[in-house]
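To start, the structure itself, in structure tokens.
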Amino acid sequence: MVQRKKLGEIFLEHNLLSSTTIERVVAISKKLNKRFGTVLEEMGLVTGVELASALARQYNCKMISNFARGSFSPELLNIIPAEVALQNILFPLKREGNKLALAIADPTDTKVVSNIAVNNDLSIVPFVATSKEINSAICINYFGMDIEESLRRTVLVVDADKAILDTISHILKKDYLVYTASDGMAAYKDAIAKKPHVILTDKDIPKLDGYGLLNSLQNLCETKAIPTILMSATTSMEEESSALYKGFFDFIHKPVNPPILLARVKRAFDFFEKQNYLFMR
């Protein structure tokens, strides 16, 4: 078995972190049951590029950047479905014979990569890239969408009923820039490409329901901190407590009451801004 250096050792060697900081982050990562590198990036102690560079050294891989706007054929993209690419943060770079060059954000997650190799009779050549670069490549090449970040406060509203979308948008648009989506997969794409500050989703939406959308968002470093509010016509206390237990920031009963909607969305924005202020200090 190959003995790899620990990430902390690599950061220490390159004077990016002190031994005391490493010990503290290791303790936090164990407490939160999160990867050490993920916690470092979320806390702003290392950049995405620094983390990718350290992972490349740790796993003896090459690092790649600035590929998002390259030219990739439909045949190449078809090797990995968009949903798989999104949920696992990877992107096909080039195929030569039975070799596939693959951009990955986490070289420790080998199961999906192995499945891609076996299912397509390919040998994978991994290249480490930042999750931001990979997500940008996915948005541009699979969905024809550029990643954008508005200077205004933004809300993504997700509901299969256009009348409800229009009603909620009308209530919110005086205070916020409102994006809308009619199914969970479209919402997931918009969350990555448009980076809304708050998401408001119905429970029963096509392709990826409200709970599935939340799970997908929580799997990405870039979207896991977005306060997400569940809307449901179910008024039971069990439904509400289940939603909160599974990670939704809040719960709104349908049909929505405009003052309650505005108050809870404002509360989510206050939380988002305080959270980001703490990490940016």
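The values are calculated or read from the model by the stated rules, or taken from the named source; none is laboratory data. These figures come from a predicted structure and were not determined experimentally. No Cβ is skipped: glycine too gets one built from the backbone with ideal geometry, and neighbour counts run over all protein chains shown. The accessibility values were calculated without ligands, DNA or RNA, using every heavy atom of the protein model including side chains. Shrake-Rupley method; radii C 1.70, N 1.55, O 1.52, S 1.80 Å.
For the stretch 61-145, the calculated P(r), taken from all Cα-Cα distances in 5 Å bins from zero up to the bin holding the longest distance, is 3, 16, 31, 29, 17, 4, 0 percent.
Heavy atoms of the protein chains alone define the surface here; on that basis the chain has 54 Å² accessible area per residue at 1.4 Å probe size. Over the Cα atoms of the stretch 144-202, the radius of gyration divided by the Kirkwood radius equals 0.94; this is the Rg/Rh ratio.
With a simple spin-label model that places each label point 7 Å from the Cα along the Cα-to-Cβ direction, the separation between residue 233 and residue 119 comes to 3.5 nm. Size check on the stretch 99-161: the Cα extents along the three principal axes, sorted descending, read 44, 28, 22 Å.
The figure for residue 182 is an accessible area of roughly 60 square angstrom, using a 1.4 Å probe on the protein chains alone. Of the DSSP beta bridges with both residues in the chain, give the percent that are antiparallel, rounding to the nearest 5. If we restrict to bridges inside the chain, about 20 percent are antiparallel. Using a cutoff of 8 angstrom between alpha carbon atoms and counting only pairs six or more residues apart, the relative contact order for the chain works out to 13 percent. Rounded to the nearest 20 debye, the dipole magnitude of the chain is 680 debye, with +1 charges on Lys and Arg beta carbons, -1 on Asp and Glu beta carbons, and the Cα centre as origin. For the chain, the longest principal axis of the alpha carbon atoms and the long axis of helix 19-32 meet at an angle near 50°. Measuring with a 1.4 angstrom probe and ignoring ligands and nucleic acids, residue 12 comes out at about 80 Å² accessible. One Cα centroid belongs to the stretch 38-87, the other to the stretch 141-177; the line between them spans 27 Å.
By per-residue mean of other Cβ atoms within 10 Å, what is the highest-first order of 72-85, 124-137? Numbers along the way, then the final one.
Values: 72-85: 14.6, 124-137: 21.9.
The peptides rank, most packed first, as 124-137, 72-85.
For the set 62/99; 174/274; 203/266; 174/194; 162/203; 30/194, the pairs lying more than 25 angstrom apart at their alpha carbons are 30/194. Once Kirkwood radius over Cα pairs in Å is calculated for the structure shown, the corresponding label among [x] 20.4; [y] 18.9; [z] 19.8 turns out to be [x]. Here the stretch 1-155 is treated as an ellipsoid with the same Cα gyration tensor; its semi-axes, largest first and in whole Å, are 28, 21, 13.
I need the calculated FRET efficiency for the pair residue 65 and residue 267, taking r as the beta carbon distance and R₀ as 51 Å, to the nearest 0.05. The partial results should precede the final answer.
Values: r = 38 Å, r/R0 = 0.75.
Result of the calculation: an efficiency of 0.85.
What's the angle, to the nearest 10 degrees (0 to 90), between helix 48-58's Cα axis and the longest principal axis of the chain? That works out to roughly 40 degrees.
Each peptide in 234-244, 58-68 gets a packing score, the mean of other Cβ atoms within 10 Å over its residues, and the list from highest to lowest is 58-68, 234-244.
Compactness ratio of the stretch 96-229: Cα Rg over 2.2 N^0.38 Å, N = residue count?
Details: Rg = 17.2 Å, N = 134, 2.2 N^0.38 = 14.1 Å.
The reported ratio for this selection is 1.22.
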